[in-house]
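Here's the structure, in C-alpha cells; my notes come after.
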Amino acid sequence: MHNVVKLILLLIVLQVSGQQILPENKRAVVVDEILENRFNNLLPQLMDASDIDMWVVISREYNEDPVIKTMLPATWLNARRRTILLFYRDKTNNTIEKLAVARYNVGKSIKSAWDKEKEPNQWKRLMQLITERNPKKIGLNFSKDHNIADGLDKTDYDEFMQNLPKSFQKRVVSAEQLAVRWIETRTEREMVIYNQLVDITHDIIAEAFSEKVITPGVTTTTEVEWWMRQKVTDLGLETWFHPTVDVQRSKEDLVGHLYSFSGRPDDMVILPGDLLHCDFGITYLRLNTDCQELAYVLKPEEKAAPDFLINGLKDGNRVQDFLTGNMVTGKTGNEILAKSLAEAKAAGLRPSIYTHPLGLYGHSAGTTIGMWDAQGGVMKDDGENYPLNPNTVYAIELNTTITIPEWNRDIRIMLEEAGFFGANGFRYVNGRQTELMLIPRLKTHQGN
C-alpha cells in the first residue's frame, strides 16, 4: 500500500509540475511523426498551390536556411556538411519525391540519392536528378520580401547556377510563396499540441504573477524575469526570447513603445498599487508561444483591482475583437490593420496593433498586421501584399492607451495572445485574458 501511495503522489507531482511535458525521446517521436505527415500530405498541396513542381533547399552546417531547420529530423540539430534536399511533385501521377543529395538519409521521409563513390561531385549528382525529372519550375529560397524565405546563401546560389544546364536556367524562380506557406501552415495535430503549449505559457505567467514569486516591497521586476527563465529550464523547455516584466503606476509618465524592449530600469521593486505587465514565450515540440498578460498588486484592504483598470482591460479586449473580426482569408495585413484601427478609433479607443505570425518561429512567416512603429502599414520589403491564409497562427499583439484621472496620466493596456485562423474563422488557441490577475490571490476564508 505504501508503494502504491508513493506512485500516486509521484504521478500527481509529474502531472502538476511537468504538465505532462514529454521526455526528449518521446518528443523526438512526435516531431518526426509530424514531419512525415507534413512532407507526405501538406507539402504536395503547397507545391500545387505555388505552381512549383521542384523545390531545392540547400544549406551548409551551422549556416542553415531557416526553412531547412524546420525539415530536419529530431536527431539532427544542424545540417551536415552541405545538405541538399530536392522535392519533386508529379501532379499528374499524384506523387512526391523527397530526396537528399547527401551521404545519409535525412530522417524517415527523405532518402539519400547520392553515392559519392559513383559520382564524387555533389553538384553534378544534383544536376543529374534535375535533368532526369525535367521540372517546369525550380524553386530556390531567395526573397526580397520575406526574410525566412531568403535562406539560400550567395555561394550556394552561384554554385547551383554555374552547374545548372543552360536549358534549365530560365526555369529557376523564387520559392518565397512556397517557403512562407510551409512555415506558416499548421496541421491538425500541431494545433492539438499548440493548445498545450499556450496552456503551459499561461500557467507559468500565473505562477510568476502570484504571491508564490512576488513579495510586494521586496521582489523586483528583474527577479521575476529570471524566475520565469529558470522555470522554463526546470520544466525542460526553452524560451525563444528573454522575458520582460514592467510596471505602470501612478507616479511615472507614459513612455514610448521602446520601453518594453530597451531602456527599462533594472531591479524595479514591485509595490502595492502597481499594474504589472509581462512579455513571455516558450518553445516546445518546435512550436513557439508569445504572450503578454497583466496583473494588479493589491493595496492593503483592497479585494479587487480599481474599476479604471478593470475597464481598461475591457477596452483592450475590444481592440482585440475589432482586429480578429477583420481577419478574412485573402485580405492583406495592411488591409486588416487599416480597417481594425479605423473601427477601434471610431469607437473612441486609442489603439496600436502590431500582430505577427507565430509558429515554427516566434516572429514567423506570413501576414504582418502592423508594427509598433508602422501603424500606417508595413512596406513592400516587409511583405506588404502577402494575404491572410487559413490554418495559420498569430500572436494577437496590440495595446490601447487609456487616461486615468486618478493617476493623472495615460497608461497602455498591452495584450498578446496566440490565435488560430482556420476554415471556420478565428479562435484563440487557449483563451485570452479577460480579468486582471491579483497579487496576492484573495483568501476568501480569511475575508481578504
Looking at the range 53-78, which of its residues are open to solvent by 10 Å² or more (accessible area, probe 1.4 Å) and modelled with pLDDT of 90 or more?
53, 66, 69, 70
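Out of all the residues in the range 148-169, is one or more crowded, with 18+ Cβ neighbours inside 10 Å and either hydroxyl-bearing (Ser, Thr, Tyr) or on the phi > 0 side of the Ramachandran plot (or both)?
Our first condition is that a residue be crowded, with 18+ Cβ neighbours inside 10 Å; within the range 148-169, this holds for 148-152, 156, 160, 164.
Next cut, either hydroxyl-bearing (Ser, Thr, Tyr) or on the phi > 0 side of the Ramachandran plot (or both) only: none.
No: the range 148-169 contains no residue that is crowded, with 18+ Cβ neighbours inside 10 Å and either hydroxyl-bearing (Ser, Thr, Tyr) or on the phi > 0 side of the Ramachandran plot (or both).
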Could you list, ordered by first residue, the pairs with Cβ atoms under 7 Å in which the first is in the range 411-438 and assigned to a loop (DSSP other than H, G, I, E, B) and the second is aromatic (Phe, Trp, Tyr) and surrounded by 21 or more Cβ atoms within 10 Å (Cβ to Cβ), at least 6 apart or interchain?
429/194; 429/420; 436/296
Open to solvent by 30 Å² or more (accessible area, probe 1.4 Å) and polar (S, T, N, Q), is that true of residue 367?
no
Selected residue (only one of 190, 238 is surrounded by fewer than 14 Cβ atoms within 10 Å (Cβ to Cβ), under 18 Å from residue 288 (Cβ atoms) and acidic (Asp, Glu)):
238
Subset tally (residues that are more than 18 Å from residue 156 (Cα to Cα) and either more than 34 Å from the chain's Cα centre (by Cα) or open to solvent by 30 Å² or more (accessible area, probe 1.4 Å) (or both)) for the range 79-95
7
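Select from the range 98-108 the residues that are in contact (Cβ under 8 Å) with a residue 12 or more places away in the chain and open to solvent by 20 Å² or more (accessible area, probe 1.4 Å) and list them in ascending order. Outline the logic, then answer.
Of the range 98-108, the ones in contact (Cβ under 8 Å) with a residue 12 or more places away in the chain are 98-104, 106-108.
Within the range 98-108, 98, 99, 103, 104, 107, 108 qualify.
What are the residues in the range 278-303 that are farther than 30 Å from residue 66 by Cβ and open to solvent by less than 50 Å² (accessible area, probe 1.4 Å), if any?
Step one: list which residues in the range 278-303 are farther than 30 Å from residue 66 by Cβ, which gives 294-303.
Within the range 278-303, 294, 295, 296, 297, 298 qualify.
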List every residue pair whose Cβ atoms lie under 9 Å apart, where the two residues are 6 or more positions apart in sequence or sit on different chains, the first residue falls within the range 152-178 and is within 20 Å of residue 60 (Cα to Cα), and the second residue, located anywhere, is part of a loop (DSSP other than H, G, I, E, B) and among the polar types (S, T, N, Q).
152/141; 163/121; 174/141; 174/143; 175/141; 175/143; 176/141; 176/143
Every residue from the range 186-217 that is assigned to a loop (DSSP other than H, G, I, E, B) and either under 27 Å from residue 26 (Cβ atoms) or at pLDDT below 95 (or both):
186, 187
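Go through the range 115-131 and count every residue that is over 20 Å from residue 173 (Cβ atoms) and either open to solvent by 30 Å² or more (accessible area, probe 1.4 Å) or touching a Gly at 6+ places or on another chain (Cβ under 7 Å) (or both). So that I can check it myself, show each step before the final result.
Our first condition is that a residue be over 20 Å from residue 173 (Cβ atoms); within the range 115-131, this holds for 115-122, 124-125, 128.
In the following step, the residues that additionally are either open to solvent by 30 Å² or more (accessible area, probe 1.4 Å) or touching a Gly at 6+ places or on another chain (Cβ under 7 Å) (or both) were identified as 115-121, 124-125, 128.
Counting residues in the range 115-131 that are over 20 Å from residue 173 (Cβ atoms) and either open to solvent by 30 Å² or more (accessible area, probe 1.4 Å) or touching a Gly at 6+ places or on another chain (Cβ under 7 Å) (or both) gives 10.
Just give me the residues in the range 376-397 being open to solvent by 20 Å² or more (accessible area, probe 1.4 Å) and under 21 Å from residue 291 (Cα atoms), in sequence order.
First, the residues of the range 376-397 that are open to solvent by 20 Å² or more (accessible area, probe 1.4 Å): 376, 379-382, 384-385, 387, 389-391.
The answer is 391, and nothing else.
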Testing residue 220 on (1) open to solvent by less than 70 Å² (accessible area, probe 1.4 Å); (2) modelled with pLDDT under 95, one condition comes back false. Which one is that?
(2)
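The values are calculated or read from the model by the stated rules, or taken from the named source; none is laboratory data. From a predicted model like this one, the values you see are computed outputs, not experimental measurements. Note that each Cβ is placed from the backbone with ideal geometry, even for glycine, and that neighbours are counted across all protein chains shown. Ligands, DNA and RNA are stripped out before the accessible areas are found, and what is left, the full protein with its side chains, is counted by its heavy atoms. Shrake-Rupley method; radii C 1.70, N 1.55, O 1.52, S 1.80 Å.
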